[in-house]
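What follows is a set of notes on a single structure, which appears directly below.
The values are calculated or read from the model by the stated rules, or taken from the named source; none is laboratory data. Small disclaimer: the values here were computed from a predicted structure and weren't measured. Here the Cβ positions follow ideal geometry from the backbone for every residue, glycine too, while neighbour counts run over all protein chains shown. Areas reflect the complete protein model, heavy atoms only, side chains present, ligands, DNA and RNA absent. Shrake-Rupley method; radii C 1.70, N 1.55, O 1.52, S 1.80 Å.
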Amino acid sequence: MEQYQHYITKNIKAFYRRRLFSPIVYLILLGLIWLIFPLSHMRHPASFTQTDSLEAYYTDGNPYVEASLNNLSFTGHTKELYGKTVGYYYYTQIGDNLAIVLLSPSTCEQGLPTINSLEFPAHIKASDKGYQLLLESLAEDLEWTHEGITAQLPPYYMTQLDYNTLAMVFLFLMYYGSMLYSVLSIIVYILYICFPVLSPPCQNLIVYGNPRKLLEQAEEELATLPQLATEDMFITEHYFIATSINGTSIMPIHEILWIYKYSTLHKFLWYHFSISYTLNIQGTKHLYVRCPKNMKSDIDGIMDYLAEANHNILVGFSEANRLKVQESQSKPFHVEKLIALLRRKF
């Protein structure tokens, strides 16, 4: 009696304690991402004007800016990607020197010769291969040496291509959406731990009566005299109860319509490890119980006992049994079936 005292609620609490681990770790991971990557600057870019310094913003960790520039001139060079023009290189006065700005085709209208003023989100980047190729091309145009042009232009440039507004919106929707989901999951799991009767295994019983009273009755019967017990499946006078690492299920025996089992072969490449068996129970009101990874002897014993306890239960998987169950249930689009489908899927 002590072993099975409050056994169902203990297993429900243990199950949701284990489930707390994933959202907590995920929130920690999101926090590390926020600290390591410049997400705050991407979310709230700093203002950048003609008098500011590219190097200062870059070295201070503010590479994402909302730029406001004047008097931009087209260099005559573009950035190509897979044979398509994806950007146009402009130059303008930033601080005390000229600087290169890479604009998208839509912003510069496919390469306007000059742009009087422009406000756009941008990413300040250090010199890379594409920037060096541009400097070499500009040096040939001006008949300068590579050293001469690099002395006139800073080792940083501004690009609009790396600041895609739609991509940013999608990124932050995913970031904040997953954060909200994790926080809500933690709150719900803690609620289930504190009040197990509110958890889905108990609330599923609402189609048969008061979940709290049914849970108390099942707990009392399991604690006093379980009539059949395996490692994680139990039968009491009125209930079938399953408690495992996959969750907890409670089903009134007199509400069971159909029971059957199927086998699963576990293998890696050509080597067969083992065979496990899954017990499926379908009750009235579209309530389903699935008990995976059990021994054949345990499932056979459960099925035989349930069949004796309720002679109306259909035993074994067959098309005839499936049709009988389908006829006994309500219409396909009945609200109970829709709720049951959502439970199974989500």
Going through segment 48-72 one residue at a time, which ones are closer than 14 Å to Met158 by Cα, touching a Pro at 6+ places or on another chain (Cβ under 9 Å) and of a type outside the set (Asp, Glu)? Ser53, Leu54, Tyr57, Asn62, Pro63, Tyr64, Val65, Ala67
Within segment 39-48, identify whether any single residue is more than 36 Å from the chain's Cα centre (by Cα) and of a type in the set (Ser, Thr, Tyr), and answer yes or no. no
What number of residues within segment 1-24 satisfy the criterion of being touching a residue at least 60 places away in the same chain (Cβ under 8 Å) and under 15 Å from Ala229 (Cα atoms)? 5
Failed condition for Ser73, given (1) farther than 27 Å from Met168 by Cβ; (2) open to solvent by 50 Å² or more (accessible area, probe 1.4 Å): (2)
Please determine, by comparing only the residues of segment 280-300 that are touching a Phe, Trp or Tyr at 6+ places or on another chain (Cβ under 6 Å) and open to solvent by 20 Å² or more (accessible area, probe 1.4 Å), which one is farthest from His311 (Cα to Cα). Lys296
Residue tally, condition polar (S, T, N, Q), out of contact with any Asp or Glu (no Cβ under 8 Å at 6 or more places or on another chain) and either assigned to a helix (DSSP H, G or I) or surrounded by fewer than 18 Cβ atoms within 10 Å (Cβ to Cβ) (or both), over segment 185-242: 6
Any residue in segment 263-279 that's under 27 Å from Ile302 (Cα atoms): show its pairings with residues that are modelled with pLDDT of 70 or more and not in a strand (DSSP E or B) at Cβ separation under 7 Å, as long as the two are six or more apart or on different chains. Tyr277/Met295; Tyr277/Lys296; Tyr277/Ile299; Leu279/Ile299; Leu279/Ile302
Out of all the residues in segment 103-127, which are β-branched (Val, Ile, Thr) and more than 41 Å from the chain's Cα centre (by Cα)? Thr114, Ile115
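What are the residues in segment 293-325 that are aliphatic (A, V, I, L, M) and either assigned to a helix (DSSP H, G or I) or touching a Gly at 6+ places or on another chain (Cβ under 6 Å) (or both), if any? Before you say what the answer is, go through the steps one by one.
From segment 293-325, those aliphatic (A, V, I, L, M) are 295, 299, 302-303, 306-307, 309, 313-315, 320, 323, 325; that's our starting set.
Those that are aliphatic (A, V, I, L, M) and either assigned to a helix (DSSP H, G or I) or touching a Gly at 6+ places or on another chain (Cβ under 6 Å) (or both): Ile299, Ile302, Met303, Leu306, Ala307, Ala309, Ala320, Leu323, Val325.
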